[in-house]
Amino acid sequence: MPNHKNFYLLGLPRCRSLWLSFLFTAENSYCHHEALSESLTNTPNVLSDVHNAQLIGSADTTPLSFSEDVVQDSPLILIHRPLADVKESLRVSHGYHPEHDPQKVIERSYERLNEIETENTMHVDYGALSDPQVLLRMLKFTGVKADDKYIRKLLGSRVVVNHPFLWMLKI
């Protein structure tokens, strides 16, 4: 039995999941980015121990493949962003056009995200992610320890993806 507790963050693409993985990697924790999405098994032990962190999490953007069985009673934070905003952000950043999405994956993902509920779920509006008090409540909900200075430093940063396998944190 691991000596840590898992936590999960889930939203649609363009919900700041990569940025959130940085925020939730703090004093006592490590947060993977898309660990559940990239797992072939989707089992609770997919979150590997890293740097002896007490808490291990994952920030993901794949509600369609998400299973409540993975989370069990671990903290789950759902990030809600209006569907029109998600589509516009995807259009600007990745050239998304609804007519190129014949299976309506984004709409189906949005519907699925709104269906998810576990015993230990917190709902957060995407627009509130710039509020330090909301971020503190999210961290407390998962048990992640981070001070106000750390949060303010990250609030002034953005994560830039230059290539699918390369990223850098610009502060």
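Each value in this text was obtained by applying a stated rule to the coordinates, not by laboratory testing. Given the structure is predicted, the values throughout are model-derived calculations rather than measurements. Note: ideal-geometry Cβ built from the backbone for every residue, glycine included; neighbour counts use all protein chains shown.
Applying Stokes-Einstein at 37 °C and 0.692 mPa s to the Kirkwood radius of region 5-158, computed over alpha-carbon pairs, gives a translational diffusion coefficient of 207 µm² s⁻¹. Database remark: amide H of residue 9 closer than 5 angstrom to the amide H of 58, 59, 60, 77 (H placed geometrically; neighbours at sequence offset of 5 or more, or on other chains; Pro and chain starts carry no H). Rounded to the nearest whole Hz, the Karplus-based 3J(HN,Hα) values (6.51 cos²θ - 1.76 cosθ + 1.60, θ = phi - 60°) of region 29-36 follow the sequence 8, 9, 10, 5, 10, 6, 5, 6, with x at glycine and proline.
Listed by chain and number, the aspartates and glutamates placed with their C-alpha closer than 13 angstrom to that of residue 145 are 27; residues fewer than eight positions away on the same chain are left out. Judged by the mean number of other Cβ atoms found within 10 Å, the most tightly packed of the peptides 76-88, 99-111 leads the ranking 76-88, 99-111.
Counting only other residues whose beta carbon sits under 15 Å from that of residue 73, what net charge do I get with K and R as +1, D and E as -1? All intermediate terms of the calculation are to be shown ahead of the outcome.
Details: positive: 5; negative: 68, 69, 117, 119.
Combined, the nearby Lys, Arg, Asp and Glu give -3.
Here the peptides 16-26, 61-71 are ranked by packing, the mean other Cβ count within 10 Å, and the order with the highest first is 16-26, 61-71. For region 115-131, 3J(HN,Hα) computed residue by residue from phi via the Karplus equation (6.51, -1.76, 1.60; θ = phi - 60°) reads 8, 6, 7, 10, 5, 9, 10, 10, 9, 10, 7, 3, x, 7, 5, 9, 9 Hz, glycine and proline entered as x.
Sequentially through region 94-100, phi angles give Karplus couplings (6.51, -1.76, 1.60; θ = phi - 60°) of 10, x, 5, 9, x, 5, 8 Hz, Gly and Pro residues having no value and appearing as x.
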